[in-house]
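Working notes, beginning with the structure itself.
Read-outs throughout are calculated quantities, based only on the coordinates presented, and are distinct from any laboratory measurement. It should be emphasised that the depicted structure is a prediction, and the values quoted were computed from it without experimental measurement. A quick note on method: Cβ atoms are made from the backbone with ideal geometry, for glycine too, and the neighbour counts reach across all protein chains shown.
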Amino acid sequence: MLVLRILGSLLASIALLAILLYVFLNVHPAAWEYARQFSAGRAPEPLLGVYDGTLLAPPLPTSWKGKVFRPDGTGANRVGDAESYPFRHAIRDDRLVLDYAQDANPWWLKQIEDQIVAQEDGSLLGRITLRVGPWRMPLGWFTIVPAAP
């Protein structure tokens with residue numbers, strides 16, 4: 001019985017932390033505007049090559065530089081001077097979805113899914129989401145642009 005109470009308390013604590021994290025990441029002043037822009041977006045033209053990225057919200061220091069997209073439906077993040085955290089990309093639900101559930105990625109990253117849309121002006125807006133069953137919980141926002149040659 002004690003084990004069940006401890007387990008119940010642990011699960012309740014994890015749920016509370018998840019809710020607090022969700023609220024923290026989505027109360028950023030610009031997050032609502034990014035969500036509005038994202039919902040008005042559409043699937044981008046196929047992305048190929050190297051893209052420079054900017055993390056919009058939450059504004060955290062990061063060594064993330066952007067993404068690389070390959071024609072075979074794979075890609076990777078540019079972190080520092082290396083390519084890390086591979087993904088598969090495909091158009092789904094009128095957006096480009098980047099799936100990190102790849103063997104080479106750490107367990108915590110396999111539940112992450114990036115979604116990218118093209119906005120009216122042609123710019124690319126991305127949403128970082130956590131997969132929880134059929135739901136997607138937004139964790140952050142970014143933009144990418146083709147890298148200068």
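Quick notes on this one:
- Proxy reagent accessibility, fewest Cβ within 10 Å first, across Leu10, Leu47, Leu2: Leu2, Leu10, Leu47
- Measuring max minus min along each principal axis, the C-alpha atoms of the stretch 30-146 give extents of 33, 31, 30 Å (largest first).
- Taken about its Cα centre, the stretch 30-146 carries a charge dipole of about 240 debye when Lys and Arg each add +1 at the Cβ and Asp and Glu each add -1 at the Cβ.
- Sorted by Cβ density within 10 Å, fewest first, the residues Ile144, Ile112: Ile112, Ile144
- Computed FRET value (nearest 0.05) for Arg70 with Asp93, which takes r as the C-beta separation and R₀ as 22 Å: 0.50
- Cβ-based charge dipole, the stretch 30-146, positive-most Cα from Tyr100, Leu130, Thr54: Leu130
- Whole-Hz ³J(HN,Hα) from phi, Karplus 6.51 cos²θ - 1.76 cosθ + 1.60, for the stretch 76-92, glycine and proline x: 7, 8, 9, 10, x, 9, 10, 9, 9, 6, x, 8, 10, 10, 7, 7, 9
- Counting every other Cβ atom within 10 Å of each residue's Cβ, Ile116, Ile14 order from fewest to most as Ile14, Ile116.
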